[in-house]
Amino acid sequence: MTDQTDAIDTRIQPKVAESIPAEEVERITTDLIGALKTVYDPEIPVDIYELGLIYKVDLDDDRKLTIDMTLTAPGCPVAGEMPGWVENAARAVEGIQDVEVNMVFDPPWDASRMSEEAQVALNWW
C-alpha cells in the first residue's frame, strides 16, 4: 500500500465490501484521496482531507460510496455547498457507481484532526 492509502486507513477507517478485489479497493482508495484533496474549505487554504473533515468512508458491494464528513464550524458559510463538492469529486473516481455524502457534527471537528501537512500549511507546526 502507498503512504496515502495508509493515511486513509488510519485516519478514517473505511469499511469496504468484501466482493471487491483488494487491488481494486487500494486503487479506489488512492484515487479517492486524490479526489478529496481537490476540495478546499474556502476560508482555509488546506484541502478537506488534510483538515480531517472526512470522518468515515464506506464502499458497498454495489460500489456505492457513503461518506460522513463534517465542517470546521457548524455555521460554515458553505455548509450547504460542500457536500455537493465532495460528492462530485468522489463520483469522478473510476469504479464508483453512486455516492452519498452525510454531514455529521458528532464528534465536533477540532484542530487535532488535521494532518501534519495541514498544520505546516497553516503555520501551526
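Odds and ends about this structure:
- To the nearest ten degrees, helix 22-36 and the longest principal axis of the Cα atoms of the chain are 30 degrees apart.
- Using only side-chain charges placed at the Cβ, +1 for Lys and Arg and -1 for Asp and Glu, the dipole size of the range 3-108 relative to its Cα centre rounds to 220 debye.
- Of Val39, Ala118, Gly80, farthest towards positive along the dipole that unit charges on Lys, Arg, Asp, Glu beta carbons give the chain: Gly80
- Mean Cα-pair separation over length for the range 27-81, i.e. relative contact order, pairs under 8 Å, 6 or more apart, %: 20 percent
- The antiparallel fraction among DSSP beta bridges confined to the chain stands at about 45%.
- Note on Ile20, Ile28: ascending count of other Cβ atoms within 10 Å places them as Ile20, Ile28, the fewest first.
- If you take all other residues with their beta carbon under 14 Å from the beta carbon of Thr38, and give Lys and Arg +1 and Asp and Glu -1, the sum is -3.
- Counting only DSSP H runs of at least 4 residues, each contributing -39500 (n - 2.57), and dividing by the residue count of the chain, the helix-based mean residue ellipticity at 222 nm comes to -10000 deg cm²/dmol.
- Full extension of the chain between Arg27 and Lys64 yields a length gain of 11.8 nm, computed as 0.36 nm times the residue separation minus the alpha carbon distance.
- Among residues other than Pro77 with Cβ under 15 Å from its Cβ, the summed charge is -3 (Lys and Arg +1, Asp and Glu -1).
- Taking the longest Cα principal axis of the chain as reference, the axis of helix 82-91 is set at about 30 degrees.
- Restricting the calculation to Cα atoms, the range 3-108 shows an Rg/Rh of 0.95 when the hydrodynamic-style radius is the Kirkwood one.
- By other beta-carbon atoms within 10 Å, ranking Asp31, Asp106, Asp98 with the fewest at the front produces Asp106, Asp98, Asp31.
Read-outs: derived from the displayed coordinates by stated rules, not from any lab. Remember, predicted model here, so these are calculated numbers, not experimental data. FYI the Cβ positions are ideal-geometry reconstructions off the backbone, even for glycines, and counts take in every protein chain you see.
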